[in-house]
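Quick notes on the structure that follows.
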Amino acid sequence: IIIDEAHERSLNIDFLLGWLKRLLPQRPELKLIITSATLDPERLARHFGDAPILRVEGRGYPIETLYRAPEGNEDLEDQVAAAVEDLWRGGRDAGDTLVFLPGEREINDLMRILPGRFPRAEVLPLYSRLPAAQQDRVFSRGKAARIILSTNVAETSVTVPGIRYVVDTGTARVNRYSARLGVQQLQIEPVAQSAANQRAGRCGRVGPGTCVRLYDTDDFAARAPFTTPEILRSNL
């Protein structure tokens with residue numbers, strides 16, 4: 001049995017991890033493999049009675065990480081546009097750029113602004129509710145440099161080819177149950193360090209890449225190491 005993308009810590013994965021822990025002593029012939037790019041492996045190994053850890057180094061290229069905190073009254077659209085301009089002007093060629101945004105609203109706002117700022121670039125949206133035909137456009141590369149505006153779906157669920165630069169707003173919309181109010185809320189929150197590192201890794205697959213984080217180093221250091229599991233954010 002293989003459980004992939006275990007770091008997403010969805011309800012399905014967490015229930016499976018508990019169920020399989022009880023099942024394995026009764027079924028010694030079963031072999032369980034849990035794979036993840038960012039999960040804390042030592043903690044998971046302890047859960048399964050000090051199971052062995054195998055590390056597989058994937059092919060990767062060096063990534064330069066730059067921090068660019070907001071200046072003055074800059075709104076999100078100005079921050080993203082300025083970051084892309086800095087990347088493409090700072091001695092670097094215009095290349096495919098993946099921008100991580102918290103949700104559809106922010107993507108639609110930038111879809112109205114960026115084509116005017118970058119007329120020679122192809123600006124494409126990417127989020128889970130987008131029709132499949134439009135999602136497929138991010139996998140076909142033309143001659144123009146692309147700016148792909150995505151939610152966290154491009155963190156692990158989808159690998160966009162040809163990305164040289166990443167602009168990370170450092171936020172995502174997270175489902176969280178409020179026990180005090182008795183409602184499920186979808187609110188914008190800072191992503192964990194592991195998620196930020198996973199985002200940066202999107203630009204190191206085809207060659208050396210550059211990631212611009214739209215926050216400072218102190219902000220990054222203060223973030224949680226790993227994303228809060230869904231089982232702790234749900235109404236059970």
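The values are calculated or read from the model by the stated rules, or taken from the named source; none is laboratory data. From a predicted model like this one, the values you see are computed outputs, not experimental measurements. Don't worry about glycine lacking a Cβ; one is built from the backbone with ideal geometry, like all the others, and counts go over all protein chains shown. These area figures cover heavy atoms from the full protein model, side chains too; ligands, DNA and RNA do not enter into them. Shrake-Rupley method; radii C 1.70, N 1.55, O 1.52, S 1.80 Å.
So the values come out like this:
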read-out: Tally, over region 120-141, of residues that are in a loop (DSSP other than H, G, I, E, B) and surrounded by 11 or more Cβ atoms within 10 Å (Cβ to Cβ); value: 5
read-out: Filter pass, V166 being aliphatic (A, V, I, L, M), open to solvent by less than 50 Å² (accessible area, probe 1.4 Å) and over 21 Å from A6 (Cα atoms); value: yes
read-out: Of the criteria (1) more than 18 Å from T171 (Cβ to Cβ); (2) open to solvent by less than 60 Å² (accessible area, probe 1.4 Å), which one R117 fails; value: (2)
read-out: Qualifying residue in region 184-196 (condition: part of a loop (DSSP other than H, G, I, E, B) and touching a Cys at 6+ places or on another chain (Cβ under 8 Å)); value: no
read-out: Unique residue being of a type in the set (A, V, I, L, M, F, W, C), open to solvent by less than 30 Å² (accessible area, probe 1.4 Å) and touching an Asp or Glu at 6+ places or on another chain (Cβ under 8 Å) when the list is A144, A172; value: A172
